[in-house]
Amino acid sequence: MSNGVAILGAGPAGLGAACQLARRNVAPVTVLEQGENVGGLAGSFELDGVRADYGSHRLQPACDPRILGDLQELLGEDLLLRPRHGRIRLARRWIHFPLRPLDLVMHLPLSFAAGFVADTVGRAVRRRTQPNPTFASVLENGLGPTICRNFYFPYARKIWGLSPELLSPIQAYRRVSSSSPGSLIRKIVRAVPGLRSTRGNRFYYPRWGFGQISAALEKAAASAGAGVILGATVTRIEPAHSRVFYEVAGTEKHLDGRHVWSTLPVSLLVRSIDPPPPAAVLEAAAAMRFRAMVLIYLVLEQDQFTEYDAHYFPEEEIPISRLSEPKNYSAAEAPRGRTVLCAELPCDTASRYWRMADHELTEAVRQSLAAAGLPIRSRIRCTAVRRFAHAYPLYQIGYEEHFNTIDRWLDGFGNLLTFGRQGLFAHDNTHHALAMAYAAADCLDGGGDFDWERWRNYRRGFESHVVED
């Protein structure tokens, strides 16, 4: 594999890049994946006969047409276009998500509606420039205090475990698509029947779970000649030799090539490089923080728990942040007599939730749902728990300096590329990760040369990505 590319990680970014390189016959490709299945957090698995995802996932219609066309070719009729049908618990009342004008008028307390109107009118006199902006100040300056203090701020404390004043303003720009009352209202108006596009408030979802996307990419990449090695734990990377050491079933092996492309968490990538990076780079890597996530699955003995695909819980007294029901994403009817709930519980790896036993977590979910007016009344057939230490990049104030220190040092290697959600420390959607994969593949020519200037231009474009829930 003298001219080849070793790709670390078989999530959508890694597999998307491998598929593109192999299909275009640009270079030999081998993908190393630590897990026993592809997809990473965007994967799926079977639980008591029901396909379940690792949390709530959707392929957004904003996906680049070239990428969407490829996925439609790979998945065919299995790539479904589905309506959004979720709920947010706001001011202790359930509001449809995405937002609908009638819900805002009919179901929210009058004080909330009046406060939002006052915030909209008062935006013209609020300060536009801020000397030291934060996530909190950017949102409150744009949206006003009512929706921030009742929804965004408590939800932020739950998701990221930090006060909104300690989060970088980048979190607001990249994570909140409606940053002013006007844009929020326009988003709501576009949900009105007759005013929305045919794809408004819709999403793409594979018939057999979100992981079917990664499975299809793996199959296409393999058919085009790429190799995918599962159960491979990267132990050491030697950029000087484009060599990656990895362990499979207790045996150490290595890959030699010309390029190493990593979708691993960037802090983990830095610590895997040999010889070790300078002290300043290692210190920056240690300062890069990720928010962990515990996923608690309950298999209920009933066809359907609710009609909604997802429920959002901004209240801080309820530990879970979101509940999804996979069968509702794909409109699956089988198997009869059972459905799966997936509760997302963001936390730190040092927290009590991370260390809780499975039965304790199950009880925490039961209590959370009961407190939100969604009691479980049917028999729980079985439960499962999955833990992810690197679920969300944490944009704490000052993280940019640490990331830039790492980024500048990695830029000194002509054969080492970091990309993807974890690789660029970007809380992005799957269609963003695939855009990075396609961009990386576009930068490698048939002679094995990588166009770094073109990649830097792509990187500037990635900065405009805004997460869609």
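The values are calculated or read from the model by the stated rules, or taken from the named source; none is laboratory data. Just so it is clear, the model here is predicted, and its values are computed rather than measured. Virtual Cβ from ideal backbone geometry, glycine too; neighbours counted across all protein chains shown.
Given the criteria in contact (Cβ under 8 Å) with a residue 60 or more places away in the chain and either among the basic types (Lys, Arg) or touching a Phe, Trp or Tyr at 6+ places or on another chain (Cβ under 8 Å) (or both), does ALA439 qualify? Before the answer, list the steps.
Values: in contact (Cβ under 8 Å) with a residue 60 or more places away in the chain: no; either among the basic types (Lys, Arg) or touching a Phe, Trp or Tyr at 6+ places or on another chain (Cβ under 8 Å) (or both): yes.
So ALA439 does not fit the description; no.
Exactly one condition in (1) under 26 Å from the mean Cα position of the chain (by Cα); (2) part of a loop (DSSP other than H, G, I, E, B) is not met by MET436; state its number.
(2)
Please go through segment 246-283 and pick out each residue that is within 28 Å of HIS427 (Cβ to Cβ), among the small types (Gly, Ala, Ser) and buried (at least 21 other Cβ atoms within 10 Å of the Cβ).
Matches in segment 246-283: SER262, SER267.
Could you tell me which residue of segment 367-411 is surrounded by the fewest Cβ atoms within 10 Å (Cβ to Cβ), considering only residues that are in contact (Cβ under 8 Å) with a residue 40 or more places away in the chain and of a type in the set (Lys, Arg)?
ARG379
Looking at VAL294 and the list (1) under 27 Å from ALA6 (Cα atoms); (2) among the aliphatic types (A, V, I, L, M); (3) not in a loop (DSSP other than H, G, I, E, B), which single condition is not satisfied?
All conditions pass for VAL294, except number (1).
Run TRP354 past the list (1) assigned by TED's automatic domain parsing to the domain that holds THR306; (2) in contact with a helix residue (DSSP H, G or I) (Cβ under 9 Å, 6 or more places away or on another chain); (3) closer than 26 Å to LEU424 by Cα and report the number of the one that doesn't hold.
(2)
Please specify each residue of segment 443-469 satisfying the condition of being in contact (Cβ under 8 Å) with a residue 60 or more places away in the chain and under 26 Å from ARG258 (Cβ atoms).
Matches in segment 443-469: LEU444, ASP445, GLY446, GLY448, PHE450.
Give the residue, chosen from SER378, SER464, SER368, that is modelled with pLDDT under 95 and polar (S, T, N, Q). Break it down into steps so the answer makes sense when it comes.
Details: SER378 fails: modelled with pLDDT under 95; SER368 fails: modelled with pLDDT under 95.
Answer to the selection: SER464.
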